[in-house]
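The values are calculated or read from the model by the stated rules, or taken from the named source; none is laboratory data. Predicted model only: the values in this text are computed from it and were never measured. Virtual Cβ from ideal backbone geometry, glycine too; neighbours counted across all protein chains shown. Surface accessibility is based on the protein's heavy atoms, side chains included, excluding ligands, DNA and RNA. Shrake-Rupley method; radii C 1.70, N 1.55, O 1.52, S 1.80 Å.
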Amino acid sequence: MKKIVIERPGGYQRLKIIELAPPKPRDNEVLVEVFAAGVNFADIFIRLGLYKSAKEYVGWPITPGFEFSGTVLNCGRDVSGIAEGAAVFGLTRFGAYASHLCVPADQVYSIAENSKFTAEQWAAFPAVFLTAYHGLFQNIVLRAGMKILVHSAAGGVGGALLQLGKIADCRMTAVVGSSHKVDTALAFGADGVIDKSKEDLWAKAEEICPDGFDVVFDANGPATLQQSYRHLASNGKLVAYGFHTMLSTHGGFPNYFKLIYDYFRVPRFNPLDMTGDNKSLIAFNLSFLFHRMDLLEEAMQDLVNWVEKGKIQAPVLQQYPVEKVADAHRALESGKMVGKLILKFSH
Ligand SMILES: NC(=O)c1ccc[n+]([C@@H]2O[C@H](COP(=O)([O-])OP(=O)(O)OC[C@H]3O[C@@H](n4cnc5c(N)ncnc54)[C@H](OP(=O)(O)O)[C@@H]3O)[C@@H](O)[C@H]2O)c1
């Protein structure tokens with residue numbers, strides 16, 4: 001089998017491909033021959049050694065990757081309900097950048113024979129849609145008509161938030177960083193798009209929603225968190241779930257001065273002030289949620305149902321052979337791409 005291994009934090013050259021014997025599944029696991037693995041922004045933070053749960057659960061060396069699709073090759077003794085030869089997609093806490101992967105059977109989902117998505121598209125689905133679902137439906141009491149602002153709305157999680165928000169009949173305002181992303185955000189269902197490369201983000205946001213937004217989804221971090229909070233309506237919720245503006249957008253190395261500067265720019269929210277403002281902050285990271293398979297299961301049931309009913313669009317993919325993993329990271333770090341990236345394995 002092949003897998004990508006990062007021995008220690010750093011640039012693209014740390015993404016090494018190694019060959020070794022495939023693992024054997026434990027009693028509760030299945031061995032999957034991986035067809036494709038999704039690439040997520042978190043994988044960049046992992047490569048740079050800046051991802052808390054990666055340090056906590058794995059350390060070094062590490063193989064990134066939260067999601068995959070493939071074929072079940074072998075089932076552990078206690079596994080039921082899934083057979084060898086089944087086409088599946090799934091979720092793993094790290095390790096999916098590999099041609100073969102052992103995962104607990106309850107983190108693997110069958111792909112229906114006449115599914116609306118291809119195996120490639122399923123590989124790009126779980127991480128961003130579970131994040132969006134968890135943020136919208138498991139952290140907020142969502143009501144039809146709520147006004148929601150989504151930053152980086154043409155990206156993986158952003159696009160998922162727009163689509164799920166529309167399923168819940170909310171009014172979705174998308175923010176994008178470049179003009180070529182406007183059409184993508186509209187295609188995901190945005191009711192309005194703010195192109196911050198051309199217009200003043202917050203002046204336009206006030207024009208669209210003078211009383212403020214009920215919810216703002218912000219994965220930018222220090223660049224916008226403070227203003228996102230300011231632009232909440234009374235009773236509004238700011239959902240902070242990422243910090244991608246802390247990275248520089250080229251070179252593959254962290255700019256440590258920027259990281260330190262940005263660390264001190266992250267706003268500190270005071271519960272006393274928040275109570276007085278009648279606004280609040282929600283923050284989460286899905287990689288700490290694997291002990292709550294009940295929540296992930298509930299989310300996945302709804303999501304798969306919506307996919308097969310045609311309510312969720314197939315992700316727009318950019319595909320890379322696993323040998324080109326560095327190019328995939330480079331593309332994601334550029335901040336210019338839309339849709340989702342996957343790594344393909346040939347067997
Ligand atoms: N908390 C969680 O559980 C969780 C789970 C999944 C993802 N996330 C976070 O959600 C965010 C989106 O993840 P994703 O995988 O879907 O990525 P993505 O949105 O497809 O790509 C990242 C986007 O961020 C924007 N961006 C702004 N500054 C950037 C910079 N310095 N470098 C690169 N991109 C920059 C760009 O969009 P614009 O220029 O249009 O803004 C870019 O397209 C990330 O921050 C990620 O860490 C959190």
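When residues in segment 206-253 are screened for being open to solvent by less than 30 Å² (accessible area, probe 1.4 Å), more than 14 Å from the ligand (Cβ to nearest atom) and either modelled with pLDDT under 95 or among the small types (G, A, S) (or both), 3 of them pass.
Could you tell me whether any residue of segment 196-203 is under 17 Å from D302 (Cα atoms) and either near the ligand (Cβ under 10 Å from one of its atoms) or basic (K, R) (or both)?
Our first condition is that a residue be under 17 Å from D302 (Cα atoms); within segment 196-203, this holds for none.
So far as segment 196-203 goes, no, none of its residues is under 17 Å from D302 (Cα atoms) and either near the ligand (Cβ under 10 Å from one of its atoms) or basic (K, R) (or both).
Could you run through segment 32-59 and say how many residues are among the hydrophobic types (A, V, I, L, M, F, W, C), more than 16 Å from the ligand (Cβ to nearest atom) and surrounded by fewer than 21 Cβ atoms within 10 Å (Cβ to Cβ)? Number satisfying all stated conditions: 1. Hey, can you tell me all the residues within segment 314-347 that are at pLDDT 95 or above, more than 23 Å from T245 (Cβ to Cβ) and over 16 Å from the mean Cα position of the chain (by Cα)? Selection gives Q319, Y320, P321, V322, E323, K324, V325, K344, F345. Counted as qualifying within segment 60-173 are the helices (runs of 4 or more DSSP H) with 3 or more residues that are out of contact with any Phe, Trp or Tyr (no Cβ under 7 Å at 6 or more places or on another chain) and open to solvent by less than 10 Å² (accessible area, probe 1.4 Å), namely 126-137. Comparison of G85, G95 shows that the only residue that is among the small types (G, A, S) and over 17 Å from the mean Cα position of the chain (by Cα) is G85.
Of the residues making up segment 321-335, those that are in contact (Cβ under 8 Å) with a residue 40 or more places away in the chain and not in a loop (DSSP other than H, G, I, E, B) are V322, E323, V325, A326, A328, H329, R330, L332, E333. Considering segment 12-27, and only residues there that are surrounded by fewer than 16 Cβ atoms within 10 Å (Cβ to Cβ) and touching a helix residue (DSSP H, G or I) at 6+ places or on another chain (Cβ under 8 Å), the residue that is nearest to P64 (Cα to Cα) turns out to be I17.
The helices (runs of 4 or more DSSP H) located wholly in segment 199-315 that include 2 or more residues which are outside the structural domain of V88 (by TED's automatic domain parsing) occupy 201-208, 225-230, 256-265, 271-277.
Taking the criterion of being of a type in the set (D, E, K, R) and touching a Leu at 6+ places or on another chain (Cβ under 8 Å), would at least one residue in segment 32-41 satisfy it?
Of all residues in segment 32-41, those of a type in the set (D, E, K, R) come to 33.
Right, trim to touching a Leu at 6+ places or on another chain (Cβ under 8 Å) and you get 33.
Yes, that holds for at least one residue.
Residues that are surrounded by 15 or more Cβ atoms within 10 Å (Cβ to Cβ), within 18 Å of the chain's Cα centre (by Cα) and under 27 Å from L130 (Cβ atoms): does segment 254-267 have at least one? No: segment 254-267 contains no residue that is surrounded by 15 or more Cβ atoms within 10 Å (Cβ to Cβ), within 18 Å of the chain's Cα centre (by Cα) and under 27 Å from L130 (Cβ atoms). Taken over segment 174-198, the residue count meeting the criterion of being surrounded by fewer than 15 Cβ atoms within 10 Å (Cβ to Cβ) and assigned to a helix (DSSP H, G or I) is 3. Checking V175 against (1) out of contact with any Lys or Arg (no Cβ under 8 Å at 6 or more places or on another chain); (2) within 15 Å of the ligand (Cβ to nearest atom): exactly one of these is not met. Which one? Exception for V175: condition (1). For the structure I just gave you, tell me whether S80 is out of contact with any strand residue (DSSP E or B) (no Cβ under 8 Å at 6 or more places or on another chain), small (G, A, S) and without any contact (Cβ under 8 Å) to a residue 40 or more places away in the chain. It is true that S80 is out of contact with any strand residue (DSSP E or B) (no Cβ under 8 Å at 6 or more places or on another chain), small (G, A, S) and without any contact (Cβ under 8 Å) to a residue 40 or more places away in the chain.
Would you pick out the residues in segment 130-149 that are within 14 Å of the chain's Cα centre (by Cα) and more than 10 Å from the ligand (Cβ to nearest atom)? Of everything in segment 130-149, those that are within 14 Å of the chain's Cα centre (by Cα) and more than 10 Å from the ligand (Cβ to nearest atom) turn out to be Y133, L136. Residue-level check: of (1) touching a residue at least 24 places away in the same chain (Cβ under 8 Å); (2) under 19 Å from S334 (Cβ atoms), H231 misses just (2).
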